[in-house]
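Just so it is clear, none of the values below were taken in a lab; they were calculated from the coordinates. Bear in mind the structure is a predicted one, so any value in this text is a computation, not a measurement. Glycine gets a Cβ as well: all are built from the backbone with ideal geometry, and neighbour counts include every protein chain shown.
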Amino acid sequence: MATKEPLIIRDKTQMTKWSRTMRSQSKLIALVPTMGYLHQGHLSLITEAHKHANVVAVSIYVNPGQFSPNEDLSTYPSDFQGDIQKLMSVPGGVDVVFNPKNLYDYGDSDSGEGGDGDGGVGVVSCIEKSGLGHESWVRVEKLEKGLCGKSRPIFFRGVATIVTKLFNIVEPDFAFFGKKDYQQWRLIQRMVRDLDFSIKVIGCEITRENDGLAMSSRNVHLSPEEREKALSINKSLSKAKSAVEDGQVQCEKLRNLVIQCITEAGGTIDYAEIVDQHSLEKVELIKGPVVFCVAALFGKVRLIDNMEINL
Ligand code: PAF
């Protein structure tokens, strides 16, 4: 059953005004930051948000600052009207959708206002327009380096910066992130702690399709064959977890198991690492809680997944 239609706000000043009105009514505010093309995983974050807050804001903004020039910004899927329908299908719905056109604001007439939901313009085109480059970035120096940071060196700088901007604009009490993007979740938690944001960051469990594939907006780009092959990620991670439970604690052996399984299925490994759940530093022998993180390509589609192992 569809719930209420959310208020759509495209102007950042209006967004802050809305939040401050809510706060003046003693309402607790939740923010669920997204890049749109929503799936069940995003909707589960909203369900969780309702448990903590009185009002829920969802941001839909494809952040150009976290894509390198060779990455898939131009083909990142979007369906704004479909997203609104999905948000209305969640029990309790959402109160606000914040959908700015461009958050890299240079004070020119085309920035930050009157978006049309098409995902915004890139950092580069803004720089060309104003002649002034965006030069302030938020970096979480150690956590941004490993795992996805190796093949996507500017990714977490872009994420930390845009999430900071969203936090400053929306001023939420709680923010919700999926644990599929494990490194992102840990990095935002650290940033909030280090920079004294008064925001509680909540990590939510990975939502999977019935066959185990972790939900991702990028899954839509997989051919049926690639999708079948991609199941090897979750299958091999589950095997590795069982092996640990059966006493195998040597990470090299566990990594080889996962790498072999994904490679045999036709995937190309970007990384398969067992790391500490907080520092994300590599572990050789499992003695406590770790997370097994994987990134692999199937065709042109890069997928990430992970499994926490709590010994
Ligand atoms: O996980 C995402 O969709 C994005 O990285 C986020 C957190 C919305 C920042 O652009």
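Give me 104, 76 ranked fewest to most by other Cβ atoms within 10 Å of their Cβ, as a rough exposure proxy.
Working: 104 24, 76 18.
So the residues, fewest neighbours to most, are 76, 104.
Can you compute 3J(HN,Hα) from phi for each residue in the stretch 288-297, using the Karplus curve 6.51 cos²θ - 1.76 cosθ + 1.60 with θ = phi - 60°, rounded to whole Hz and x for Gly and Pro?
x, x, 9, 9, 9, 10, 9, 10, 8, 9
When we measure straight from the Cα of residue 51, which aspartates and glutamates land under 14 angstrom away, once same-chain ones fewer than 8 places off are left out?
Correct list for residue 51: 173.
First check a/c for the stretch 1-107, with a ≥ b ≥ c the square roots of the eigenvalues of its C-alpha gyration tensor; if it is under 1.5, answer rounded, and if not, answer prolate when a/b is larger than b/c or oblate otherwise.
Details: a/c = 2.08, a/b = 1.29, b/c = 1.61.
Oblate, because a/c is 1.5 or more while a/b does not exceed b/c.
Is the stretch 158-306 best put as rounded, prolate or oblate by its Cα gyration tensor, with a ≥ b ≥ c the root eigenvalues, rounded for a/c under 1.5, and otherwise prolate when a/b is larger than b/c, oblate when not? Numbers along the way, then the final one.
On the way: a/c = 2.40, a/b = 1.42, b/c = 1.70.
Oblate, since a/c reaches 1.5 and b/c is not below a/b.
Could you give me the ³J(HN,Hα) list for the stretch 255-266, computed from phi with Karplus coefficients 6.51, -1.76, 1.60 and θ = phi - 60°, whole Hz, x at Gly and Pro?
5, 4, 4, 5, 4, 4, 4, 6, 5, 4, 6, x
Which aspartates and glutamates have a Cα less than 20 Å from the Cα of residue 287, not counting those fewer than 8 places away in the same chain?
245, 246, 252, 273, 276, 308
Pairs of alpha-carbon atoms within less than 8 angstrom and 6+ residues apart define the contacts here; what relative contact order does the chain have, in percent? Could you put the intermediate results ahead of the total?
Values: 579 pairs, mean separation 51.7, N = 311.
Contact order relative to length: 17 percent.
Once you have a ≥ b ≥ c as the square roots of the Cα gyration tensor eigenvalues for the stretch 137-214, tell me rounded if a/c is under 1.5, and otherwise prolate or oblate according to whether a/b is larger than b/c.
Since a/c reaches 1.5 but b/c is at least a/b, the shape of the stretch 137-214 is classed as oblate.
Within the set 145/253; 86/179; 145/239, which residue pairs have Cα atoms separated by over 26 Å?
Values: 145/253 24 Å; 86/179 21 Å; 145/239 28 Å.
With Cα atoms farther than 26 Å apart: 145/239.
Per residue Cα convex hull volume for the chain, in cubic angstrom? The partial results should precede the final answer.
Details: hull volume 42.0 nm³, N = 311.
Spread over its residues, the Cα hull of the chain gives 135 Å³ apiece.
Quick one: Karplus J couplings for the stretch 57-70, per residue in order, coefficients 6.51, -1.76, 1.60, θ = phi - 60°, nearest Hz, x for Gly and Pro?
Ordered by residue, 3J(HN,Hα) equals 10, 10, 9, 10, 7, 7, 7, x, x, 10, 10, 6, x, 8 Hz.
Please report the antiparallel percentage of the DSSP beta bridges confined to the chain, to the nearest 5. Could the numbers behind the result be given before it?
Numbers: 20 of 39 bridges.
Once the DSSP bridges in the chain are tallied, antiparallel ones form about 50 percent.
What does the highest-first list of 33-44, 194-205 look like by mean Cβ count within 10 Å? It would help to have the intermediate numbers written out before the result.
Numbers: 33-44: 20.8, 194-205: 15.0.
Sorting 33-44, 194-205 by mean packing, highest first, produces 33-44, 194-205.
Set Lys and Arg Cβ to +1 and Asp and Glu Cβ to -1, take the dipole of the stretch 141-231 about its Cα centre, and tell me which of 199, 153, 178 lies farthest positive.
153
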